[in-house]
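Colleague: Encoded as structure tokens, here's the structure I'll be asking about.
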Amino acid sequence: MPKTRTANGPRRFPSSRTALTRRSLLGGAAALAATIGPSRVARAAAPVPFGAAIQSNFFDSDPAYAQVFLDRCDLVLPMNELKFPMLRPTRESFEFGPADRLVDWARSNGKTSRGHTFVWHDGNPAWLERIRDPIEAEMVLREHIQRTAGHFRGRLESWDVVNEVIAHEPRESGGPLRDTWWLRTLGPRHIPIAFAEAARADPGARLVVNDYDLEFRGARYDARRRVMLDLVRQLQDGGLRVDAVGIQGHLYSHFEIDPEAMARFGRDLKTLGVGLLATEIDVIDFQVPGGPEEIDRAAEKVVGDFLDGLFAGQRPEAVITWGLTDRYSWVGDVMPRTDGQPVRPLPLDADLVPKRWYELLRRRLAQA
Ligand code: XIL
């Protein structure tokens with residue numbers, strides 16, 4: 001479904017800034033080119049925005065943590081505050097406060113923000129998963145998206161409409177979609193319902209399907225990339241708008257990235273009129289032997305290969321890390337190192353000092 005973009009159409013990540021700059025400078029650019037040469041004009045493209053996910057509890061307890069997002073990011077998004085567990089502890093409640101604070105703080109400091117996420121399998125509250133009736137589940141899903149996307153309408157560049165809906169191992173007999181409460185209760189149609197409702201509730205937000213394990217080499221990852229493309233095509237065939245695919249980018253530094261497959265994936269999406277972004281980069285280093293230096297060298301390699309693949313298919317709309325400093329990360333809780341050393345998943349170390357891979361990433365974004 002090729003999309004024509006209008007002034008009222010979905011916002012693109014580089015924001016209207018890029019488009020505006022190009023359009024409004026067009027007349028002047030010709031004159032400039034005559035005086036300073038074409039290379040200076042060509043270099044004026046805005047860098048790909050860099051973003052990171054922030055957590056409201058540390059935002060409140062650690063002022064240096066909050067400040068570093070302002071110093072380093074173009075985009076700041078709530079990590080957990082828009083998910084079911086924090087937003088909907090009871091069926092009646094919509095606890096918008098914590099996400100409102102983060103989003104408004106980011107925006108008032110000149111940053112953009114995005115929404116994560118309406119549909120996920122993890123951590124659903126008990127009241128939700130007690131529902132067995134598909135009609136009731138559909139009502140809850142539609143109301144959830146109407147109220148939530150409606151509340152933030154105009155303040156978020158994009159939404160991860162569905163998160164991790166692809167089967168962990170799609171080649172197994174269970175089918176291409178993950179076995180979740182949403183799938184069991186509503187069937188696969190929970191995905192098009194979510195996209196339709198999101199498009200209605202915030203027509204200006206870019207709608208993203210977000211998933212993991214889309215970057216590595218191997219048959220399982222090929223299968224996951226194929227399922228993602230099928231999913232996008234089927235949503236489009238149903239007349240629904242899918243603006244971009246989010247590659248989470250939880251990067252195991254003992255795995256091999258497949259930059260060629262990523263490039264093909266990015267090109268295939270481009271052919272479908274669908275953008276691409278990296279939404280949750282961090283490095284999972286529990287299998288890498290050695291000290292901080294070896295761990296960071298492996299991280300630099302995996303991030304570099306990932307960025308090569310990401311940029312080869314199409315220009316990404318944004319590149320986002322899942323947190324910003326090793327001070328706080330889910331990786332140490334879920335995948336700790338067996339040698340007792342702290343994990344080093346994020347671009348800034350625990351003292352907020354940038355690692356080499358942060359500099360590499362920023363250089364890459366600036367060259368795009
Ligand atoms: C994680 C957060 O980082 C944790 O703080 C929280 O306890 C659980 O969720 N994939 C996703 C993210 O899409 O939402 C997850 O975030 C990490 C894996």
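The values are calculated or read from the model by the stated rules, or taken from the named source; none is laboratory data. Computed from a predicted structure; not experimentally measured. Glycine gets a Cβ as well: all are built from the backbone with ideal geometry, and neighbour counts include every protein chain shown. Protein only, heavy atoms only, side chains kept; ligands, DNA and RNA dropped before computing areas. Shrake-Rupley method; radii C 1.70, N 1.55, O 1.52, S 1.80 Å.
Colleague: Just the number, please: carbon plus sulfur as a percent of the accessible area of the chain, 1.4 Å probe, no ligands or DNA/RNA counted.
Modeller: 53 percent
Colleague: How large is the accessible surface of LEU231 in square angstrom, using a 1.4 angstrom probe and rounding to the nearest 10?
Modeller: Around 20 Å² of this residue is reachable by solvent.
Colleague: For n ≥ 4 DSSP H runs only, could you compute -39500 (n - 2.57) per run for the chain, divide by its residues and tell me the 222 nm figure to the nearest 500?
Modeller: The helix contribution divided over the chain gives -14000 deg cm²/dmol.
Colleague: Below 12 angstrom from the Cβ of ARG327, what's the summed charge of the other residues (Lys, Arg +1; Asp, Glu -1)?
Modeller: It works out to a net charge of -3.
Colleague: Turning to a different aspect of this structure: Quick check: convex hull over the Cα atoms of the chain, volume per residue in Å³, rounded to an integer? It would help to have the intermediate numbers written out before the result.
Modeller: On the way: hull volume 54.8 nm³, N = 368.
Hull volume normalised by residue count: 149 Å³.
Colleague: Can you find, among MET139, GLY110, GLY239, the residue farthest towards the positive end of the dipole of the chain? Put +1 on the C-beta of Lys and Arg, -1 on that of Asp and Glu.
Modeller: Positive-most Cα among the choices belongs to GLY239.
Colleague: What does the charge dipole of the chain about its Cα centre add up to, to the nearest 20 debye, if the Cβ of each Lys and Arg holds +1 and the Cβ of each Asp and Glu holds -1?
Modeller: For this selection, approximately 1780 debye.
Colleague: Add +1 for every Lys or Arg and -1 for every Asp or Glu among the other residues with Cβ under 11 Å from the Cβ of GLY97, and state the total.
Modeller: -3
Colleague: Okay, moving on. Using Cα pairs closer than 8 Å and at least 6 residues apart in sequence, work out the relative contact order for the chain, in percent.
Modeller: Across the chain, relative contact order equals 17 percent.
Colleague: Restricting things to Cα coordinates, could you compute the convex hull volume per residue of the range 227-270 in Å³?
Modeller: Residue-normalised Cα hull volume stands at 75 Å³.
Colleague: Does the range 87-183 come out rounded, prolate or oblate, given a ≥ b ≥ c as the square roots of the eigenvalues of its C-alpha gyration tensor, rounded meaning a/c under 1.5 and, failing that, prolate meaning a/b above b/c?
Modeller: Oblate.
Colleague: Return the single residue from SER158, SER173, SER108 with maximal mean-square fluctuation; model: Gaussian network over the chain, springs between Cα atoms under 10 Å.
Modeller: The residue that fluctuates most here is SER173.
Colleague: What accessible area per residue, rounded to a whole number of Å², is obtained for the chain using a probe radius of 1.4 Å?
Modeller: 43 Å²
Colleague: Could I ask something else about it? Check cross-link reach from LYS270 to the aspartates and glutamates: straight Cα distance under 13 Å, and skip same-chain residues fewer than eight apart.
Modeller: ASP243, GLU317
Colleague: May I pose another question? Tell me, what are the semi-axes, in whole angstrom and largest first, of the equivalent ellipsoid of the range 198-320 as set by the roots of 5 times the Cα gyration tensor eigenvalues? Write down the numbers at each step before the final one.
Modeller: Details: eigenvalues 165, 43, 27 Å².
Values for the range 198-320, descending: 29, 15, 12 Å.
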